[in-house]
Amino acid sequence: MYRIGFIVNPVAGMGGSVGLKGTDGVLAEAIRRGAEPHAADRAGITLGGLKQKTGLLFLTCSGSMGEEVLKKTGLQNYVVHYHAPDKSTAEDTKRAARVFLGEGADLILFSGGDGTARDIFDAVGRNVPILGIPAGVKMYSGVFAIDPATVAGIVGGKKPGVLRDAELLDVDEEAYRAGEFRTRLYGIACVPAVPGTVQASKQVFEEADEERAKEEIARFIVEIMHPETLYILGAGTTTEAIAGKIGVKKTLLGVDAIKNGRLVAEDADERTLLGLIEKEKDMRIIVSPIGAQGFVFGRGNQQLSADVIRRVGIHNIILAATPHKLRETAVLYIDTGDPALNETFGGSIQVVSGYRIAQRKKIQRSPRR
């Protein structure tokens with residue numbers, strides 16, 4: 001039997017859609033803003049793809065840390081080895097991981113974000129492979145599958161025969177909320193090595209040519225902007241350069257909205273964006289993929305939810321990235337949280353990479369089973 005330690009962080013990702021850029025230390029504020037848990041739903045997509053797999057045994061936690069979603073999905077091949085309290089903490093994640101290691105787990109599969117990954121690594125180190133179902137806000141570490149559905153193809157009913165090293169990043173959330181991206185290498189974990197299914201860790205490009213490229217991109221984007229159109233700008237230095245060209249100071253790691261050269265929403269959450277969209281006839285979303293990882297949606301910009309994207313329309317999305325970033329990013333990924341919406345993006349997308357210059361980039365799909 002392939003023994004999988006299965007852990008759900010019930011509150012992972014709750015800070016994303018409400019614009020908190022994380023959940024650590026701000027759970028109460030996330031709930032006050034109307035955030036809803038979705039880590040179990042993300043895990044359910046994965047488990048649905050594993051229902052037909054044979055030879056799997058899940059070692060899991062009670063309640064919302066694992067057992068509930070296993071039951072909901074209809075899986076019966078599990079054993080509860082860790083009894084969690086109603087309100088679990090990071091310590092419960094660590095204790096559960098240690099228990100599963102002691103029970104002979106071949107893999108620890110978790111639904112959460114970077115914080116959950118670090119907790120599990122603290123408990124088991126490199127003694128057992130780990131794999132993340134992406135359900136957090138940032139997920140800059142290299143231990144996550146590209147989306148929940150991909151996990152079934154990675155697991156596949158077999159013990160991981162080939163492993164690779166993956167960087168675990170520690171993101172300073174206080175600095176992140178203040179608009180500064182500050183990370184350090186936390187550790188090197190082991191993950192199953194299946195090419196094209198596990199994301200890379202985020203990279204930041206700082207060459208001098210990068211600034212010139214961003215300037216050219218910004219010059220072109222501003223030139224084609226229409227009056228009376230609402231522009232929703234995702235996070236990052238490329239979109240910051242576009243806003244700066246207009247004369248607007250943008251939230252570096254947040255989502256802002258601009259109309260007629262004026263900032264109409266700063267560091268907006270999903271609810272704010274949906275409210276703006278209701279009043280507008282013409283809208284665009286401008287985003288830049290995460291360097292090296294290649295995620296257009298689903299990492300660090302959950303404010304741009306499936307509902308927001310659907311109402312704006314995928315034909316109204318402008319993607320921009322410097323040539324260097326595109327060279328270092330093999331393919332792009334779409335993880336809106338809605339598999340049907342992901343499919344509508346097709347197999348490739350155009351990316352503005354300079355002044356009146358664009359490249360067509362492949363969109364990687366989850367393996368079909």
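The values are calculated or read from the model by the stated rules, or taken from the named source; none is laboratory data. Fair warning: this is a prediction, and the values are worked out from it, not measured in the lab. Every residue, glycine as well, gets a Cβ built from its backbone with ideal geometry; the counts of neighbours run over all protein chains shown. These area figures cover heavy atoms from the full protein model, side chains too; ligands, DNA and RNA do not enter into them. Shrake-Rupley method; radii C 1.70, N 1.55, O 1.52, S 1.80 Å.
In terms of distances greater than 26 angstrom between alpha carbons, the cross-link table entries Lys94/Lys250; Lys249/Lys325; Lys325/Lys362; Lys214/Lys361; Lys53/Lys94; Lys249/Lys279 yield Lys94/Lys250; Lys53/Lys94. Of the accessible area of region 48-124, computed with a 1.4 Å probe over protein heavy atoms only, carbon and sulfur atoms account for 45 percent. Under the simplified labelling scheme, the Arg126-Thr229 pair shows an inter-label distance of 5.1 nm, with each label point 7 Å from Cα along Cα→Cβ.
Heavy atoms of the protein chains alone define the surface here; on that basis region 288-343 has 30 Å² accessible area per residue at 1.4 Å probe size.
Dividing the mean sequence gap of close Cα pairs (under 8 Å, 6+ apart) by how many residues region 211-344 holds gives a relative contact order of 24 percent.
I'd like to check one number: the per residue accessible area of region 96-165, probe 1.4 Å, reported in Å² as a whole number. That works out to 27 Å² for each residue. Accessible area ranking (1.4 Å probe, heavy atoms, ligands and nucleic acids excluded), largest first, for His315, His226: His315, His226.
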